[in-house]
1. Once you place label points 7 Å from the Cα toward the Cβ at Asp61 and Glu311, how far apart are they in nm?
2. Using a Förster radius of 51 Å, what is the FRET efficiency between Arg111 and Glu272 based on their Cβ-Cβ separation? Nearest 0.05, please.
3. Estimate the FRET efficiency between Gln133 and Arg224 by the formula 1/(1 + (r/R0)^6), using the beta-carbon distance for r and 45 Å for R0, to the nearest 0.05.
4. Could you check how much of the accessible area of the stretch 214-261 is carbon and sulfur, as a whole percent, using a 1.4 Å probe?
5. Can you figure out the FRET efficiency of Arg12 with Val102, using R₀ = 51 Å and their beta-carbon distance, to the nearest 0.05?
6. Kindly provide the Kirkwood hydrodynamic radius of the stretch 1-61 in Å, to one decimal, from all pairs of distinct alpha carbon atoms.
7. Compute the signed sum of charges (Lys and Arg +1, Asp and Glu -1) over the other residues within less than 10 Å, Cβ to Cβ, of Ser162.
8. Direction-averaged shadow area of the convex hull around the Cα atoms of the stretch 67-172, nm²?
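The values are calculated or read from the model by the stated rules, or taken from the named source; none is laboratory data. Computed from a predicted model, the values in this text were never measured in an experiment. Cβ placement follows ideal geometry from the backbone for every residue including glycine, while neighbour counts extend to all protein chains displayed. Ligands, DNA and RNA are stripped out before the accessible areas are found, and what is left, the full protein with its side chains, is counted by its heavy atoms. Shrake-Rupley method; radii C 1.70, N 1.55, O 1.52, S 1.80 Å.
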Amino acid sequence: MAEVRVSGVSKRFGGVTAVDAVTLTFADGGFFGLLGPSGSGKTTLLRLIAGFEFPDAGALDIGGAPVARIPVERRRIGMVFQNYALFPNMSVAENIGFGLRVAGLGPAERRQKIAAALALVRLEDFGARRPHQLSGGQRQRVALARAIVTGPKVLLLDEPLSALDKSLREEMQVELKRIQREIGITTIFVTHDQEEALTLSDRIGILRDGKLVEEGPPETLYTRPSSRFAAEFLGAANIFEGQAGDGALTLKDGTVLRHDGGAVPLVAVRPENIVVGEAPPEGWNIVRAHLTGRLFSGATAALRLDFQGREIRATIAGAQPLAHAPGAALTLAFAPEHTVPLAE
Ligand code: ATP
């Protein structure tokens, strides 16, 4: 297996800078999620690592060896595309064995490796079928088996689960994680699904306009983002702006919000960290806001409130009674440690 290093890599298409001076290390054996809105450069970065594109600037190393100018077939990469790209006229076993045949392996060795790959993705009895005789989830498994059967150093996945419906997707997330752990391969996957990135990755990088905005473990990026973009992109966030003081933000109306950062112009508070209508513990931040709506969704309910002309969202337990009518003034409280300082 191998560590992948991208240093100052840029790629332009005409007037568009698809990837803009990105520097990132993908740890050996790690599961890295590349997240970002449409057009942020995720696929281009993956294609640069694969070797389908060459960078205009910067360096690319796989397992310590420079590969920026080495073609795709010599990089020892396994790739799964969004649409799987299986050969329709070949059986499952032939699809999986294609790369082995190209690599010049004999029939006995091919059979043994194909059987092992089929067992890994739990499709032992499906080798003779054609792709059109498989479900979407099974096709996904075949694509995965085909990508890893040749023993690549790095596995690249481009929106691998986006064609599946929700329940199948969740099942395949668990499978993907299991397979990745079992073979311990360095894996980089592209998604625009925040929850999927949080579930699967042990590190996440957020891209915007070709630039890396932030990078880190999912829990850290979610609970302690350092930019407004990451805070809002990775889940819902209430942003408060004001006058920066050391560890305190003063809002226009004079309300002071305490936090554990330095002097910053913005703070973010997650909806689930807001306590509504109860006497708050000593030292918590408090704002008064007017209820505008309540959306019940079973386990939780989302409250919408107006705070000085801006919307605030708070999540409460679905079962929590709320006697207040729209327009009622409510006390919202949140702990200083849940008041996240943002640099920009
Ligand atoms: P999506 O989530 O929609 O797939 P993405 O984050 O993967 O988006 P990219 O596909 O990497 O984004 O595209 C980044 C930018 O580069 C976009 O503006 C896109 O139009 C442009 N781009 C990508 N590939 C090419 C190409 N071959 N020729 C011209 N422009 C391209």
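1. 4.7
2. 0.45
3. The computed FRET efficiency comes out at 0.40.
4. Result for the stretch 214-261: 47 percent of the exposed heavy-atom area is carbon or sulfur.
5. Rounded to the nearest 0.05, the efficiency is 0.95.
6. So the Kirkwood estimate lands at 11.9 Å.
7. Result for the local shell: -3.
8. Average of the hull's projected areas for the stretch 67-172 equals 7.0 nm².
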